[in-house]
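To keep things clear, I will list the structure first and then write my remarks on it.
The values are calculated or read from the model by the stated rules, or taken from the named source; none is laboratory data. All values derive from a computational prediction rather than experimental measurement. In this analysis, Cβ positions are derived from the backbone assuming ideal geometry, glycine residues included, and neighbour counts consider all displayed protein chains.
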Amino acid sequence: MIPRSLLAVVAALVLAGAACGPGTPGASVPASPSGSAATATCPTTPAPQGTPDGWDPGAQDPSIYPQIINPPGTLACGPNRLMFSFLDAQNLPVASPDRTVDVALFDLGADPSTPVLTGTATFIWAIEPTVGVYVFEAEIPAAGVWGAEFRTAVADAAPETIRVGFDVQPESTVLAVGEKAPSVKTPTLADVGGDVAKISTDDAPVQAFYETSIDEALAAGKPFVVVFATPKFCRTAQCGPTLDRVKPIAAAHPGVTFINVEPYQLEPVDGQLQPVLSGQPPDLTAAPATDAWRLRTEPWVFVVDRDGVVTASLMLIFSDEELEAAVAAVE
């Protein structure tokens, strides 16, 4: 079973606006990722010998510190949605819509001085107006040790350039864009006599989100959206807001099936849904669909096309515009 614990920096950024200490701006260049041999679809660049020139975190003296939010193992060859934020020396979030960020990505094992990808990141509020993140869409062509260079500027402050190393895996630990969606039975209203309170912890559930199981949606050959989110037992304070963000978009796209899946196993206790605990120490138990889709965090939203292929994967925080565009693309 995939562990259920959330990446600490994600929870800290979302819940309290705190994360790793400022002493290491992204830490040192990471070791070579596991699975170093090249695959048929993804080459792996050999790791650099030592820290490349210009990438020693100890040589940097920034006023803010980048924090990559993607859980380990989820950045891989192919399309990626790189998420990051910034903290100041007091561990307070400083990401804001007024702070611009240009991103350059480097394959450190191949050429640490020439960027492979460049562009501008998009700011998204996580908890307005205190905590925000940036998103950078990147098609990464090879696994190995990579580096991100953030050039950031905000009014009344000098621009800064900060670098951080990160691993890119040959394959993502989480279901990725381009993969076939796993066929798995998920709870529906038909399973519980139409009582949505027996399968959802949403205070204002949309009945249509619980009419179709994932395996049924795949068999129908129509586009659908899966929202793994549990408003009651969410560990990041984002599950309820995620469902609320999805609802109007679902209403605007009646030709697309939307499915809400509680990511943890639940059982009725004294008339209310409670989580099934397992392991030592006891922890939430993943639902079968959560394991089938290889999830390590929640909430998570996937868009699937008529052929059953994942076309969009939105972790934790996303904008209305991102989801709207992803749904419109498969409608």
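Contact map, segment 295-323: residues that are in the same structural domain as Ser213 (by TED's automatic domain parsing) paired with residues that are at pLDDT 95 or above and among the acidic types (Asp, Glu), Cβ distance under 6 Å, separation 6+ or inter-chain. Pairs shown: Val310/Glu179; Thr311/Asp305. Determine whether segment 164-176 contains at least one residue that is at pLDDT 95 or above, farther than 21 Å from Pro71 by Cβ and surrounded by 21 or more Cβ atoms within 10 Å (Cβ to Cβ). For segment 164-176, residues at pLDDT 95 or above, farther than 21 Å from Pro71 by Cβ and surrounded by 21 or more Cβ atoms within 10 Å (Cβ to Cβ): absent. Can you say whether Gly109 is touching a residue at least 40 places away in the same chain (Cβ under 8 Å) and on the phi > 0 side of the Ramachandran plot, as far as the supplied structure shows? Spelling it out, it is not the case that Gly109 is touching a residue at least 40 places away in the same chain (Cβ under 8 Å) and on the phi > 0 side of the Ramachandran plot. Annotation: Leu82 fulfils all but one of (1) at pLDDT below 95; (2) under 19 Å from the mean Cα position of the chain (by Cα); (3) among the hydrophobic types (A, V, I, L, M, F, W, C); the unmet one is (1). Scanning segment 230-251 for residues that are without any contact (Cβ under 8 Å) to a residue 60 or more places away in the chain, among the aliphatic types (A, V, I, L, M) and either surrounded by fewer than 17 Cβ atoms within 10 Å (Cβ to Cβ) or assigned by TED's automatic domain parsing to the domain that holds Ile124 (or both) gives a single hit, Ala251.
When Gln265 is tested against (1) buried (at least 20 other Cβ atoms within 10 Å of the Cβ); (2) out of contact with any helix residue (DSSP H, G or I) (no Cβ under 7 Å at 6 or more places or on another chain); (3) over 14 Å from Ala229 (Cβ atoms), just one condition goes unmet, and that condition is (1). Quick check: is even one residue across segment 102-113 loosely packed, with under 14 Cβ neighbours inside 10 Å and over 19 Å from Glu321 (Cβ atoms)? Yes, segment 102-113 contains a residue that is loosely packed, with under 14 Cβ neighbours inside 10 Å and over 19 Å from Glu321 (Cβ atoms).
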